[in-house]
Amino acid sequence: MPAAIALTGRRKLSMGEIEMVLAAHERFITGRPGGKLAALRFIDFTGVNLSGRNLQDADLSSSVLDSARLIGADLSRANLFGCDLRKADLRRANLTRADLRGACLRGADLSEADLTQADFRVGQIAVPHPSKGLTSLTHHQRHGDLDHANFQGANLDGSQMEEVSAFATDFTDCSMRGAKLNRANMKDANLEGAIMDWADISGANLEGARLVDAVMTGIDIRTARTSGANMDGVLNAPSQEAIDRADEFHAMAQANQAWCKSGGKEGKPASFDHQDLRPLDQRLRNMRLSVMSARGAVMVGLDLSGAHLQGAILENADMRGVCLRGADLRGAKLAGARLTKADLREAILGPLPLSADRVNRGDLHHAKLRYVKAQGADLTGAILDEADVRGCDFSGATMRGASLRGADMSLALGFEIPGA
């Protein structure tokens, strides 16, 4: 029996029909027999629950997903051209390289979603006739509509958001490196803590926006409208002095490595307290930097993967977006450090033995660990008292004996909240 045409001109499918299409699509994606790429154009999915489903490469163009639940769904490279996604729940969804041209995401929840290289540009939208439906279409241009949407902790690196409307949208702690935001309307948007390195904001409207503690390396703010914007604590590009000292700092790191390898006979521990180390970029990866001191240092975006940082002193350091994957941080002091959106996968933050009966525990009390990737990390005995771990993913992490007194664990994944 053919599906009825809704008043919007979109077809309404039963859940049985939807399941048949999605099952065939998932077989297609995984290369199993009987698969078929999902073509679900002009469908009314209002309120449908598609959470966790594999919809990568699916064609959902011009469909209505108003208030649909798509939590954790895989929509990578999906065609969402002209879709109505108002108030949709897309938390932690994968929308990498999705086609969202002309889509309406007004009031949608995309917190922690991955929208790397997603396309939000203007789209030429086909609109069905109110009574004749799909037999009579009109076309008009529509700008991406993100007004009042929630993108907290989302990844929008390299996304194309030219001329979008994002009025009063929440981009708190977003990563927006290299995003195209030229001529976007971001009036009254919240961009607190957003990492916006090398984003294009030429002609953008940021009037009344909150940019407190945003990272804005490589951005010429003079090309945007910023009347009434709050830019307290904005982190701009490294100073020329910091750039000029990069080789000196690297030499100090090499001396620290020599000290470690020689058992203290050569070199000495490095002291980078309150220095801007960003010009070092990837030069510290895999290095032996035990007991290095970098209190209050600016280390945003550094690659410290595989580094040996046992006993390192990193208190109050700005380490947002730092890659510490596989690093050895046993006994490290990270109290008050800002690690929002850092990569701590497979990192070791357990205790550092000092003698037969004495250890130094990893200390992260009062640290900001919002939206950190900590899958597979070893946090045995770590001190996380009063830490902010909202949205942190501890899946597969070892947390035996860890202390989380007073920690904010809202929306954290991968462990049971005591007493819950």
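The values are calculated or read from the model by the stated rules, or taken from the named source; none is laboratory data. Source: prediction; values computed, not measured. Note that each Cβ is placed from the backbone with ideal geometry, even for glycine, and that neighbours are counted across all protein chains shown.
If I ask for residues that are of a type outside the set (Ser, Thr, Tyr), touching a Gly at 6+ places or on another chain (Cβ under 7 Å) and without any contact (Cβ under 8 Å) to a residue 40 or more places away in the chain, which ones from region 289-321 would you list?
291, 306, 315, 316, 317
Could you pull out the residue among 66, 57 that is over 29 Å from residue 341 (Cβ atoms), in a loop (DSSP other than H, G, I, E, B) and at pLDDT 95 or above?
Residue meeting the stated conditions: 66.
Sort out which residues of region 45-70 are closer than 17 Å to residue 100 by Cα and of a type in the set (Ser, Thr, Tyr), and write them in order of number.
61, 62, 63, 67
Where residues in region 166-220 are under 21 Å from residue 277 (Cβ atoms) and of a type in the set (Asp, Glu), which of them is surrounded by the most Cβ atoms within 10 Å (Cβ to Cβ)?
197
For region 80-107, which residues satisfy the criterion of being more than 14 Å from residue 60 (Cα to Cα) and not aliphatic (A, V, I, L, M)?
Once the filter is applied, which keeps residues that are more than 14 Å from residue 60 (Cα to Cα) and not aliphatic (A, V, I, L, M), region 80-107 yields 86, 87, 89, 91, 92, 94, 96, 97, 106, 107.
Are any residues in region 276-324 under 17 Å from residue 217 (Cα atoms) and part of a strand (DSSP E or B), and if so, which ones?
276, 298, 303, 318
Go through region 16-30 and give me each residue that's in contact with a strand residue (DSSP E or B) (Cβ under 9 Å, 6 or more places away or on another chain) and either more than 10 Å from residue 54 (Cβ to Cβ) or not acidic (Asp, Glu) (or both).
18, 21, 22, 25, 29, 30
Out of 178, 233, report the one residue that is under 16 Å from the mean Cα position of the chain (by Cα) and either part of a loop (DSSP other than H, G, I, E, B) or more than 21 Å from residue 372 (Cβ to Cβ) (or both). Steps first, answer last, please.
Details: 233 fails: under 16 Å from the mean Cα position of the chain (by Cα).
After ruling out the rest, the residue left standing is 178.
It is to be established whether one or more residues within region 276-288 are loosely packed, with under 15 Cβ neighbours inside 10 Å and in contact (Cβ under 8 Å) with a residue 24 or more places away in the chain.
no
Identify, by number, the condition in (1) free of Cβ contacts under 8 Å to residues at least 24 places away in the same chain; (2) touching a Leu at 6+ places or on another chain (Cβ under 6 Å); (3) of a type in the set (S, T, N, Q) that residue 172 doesn't meet.
(2)
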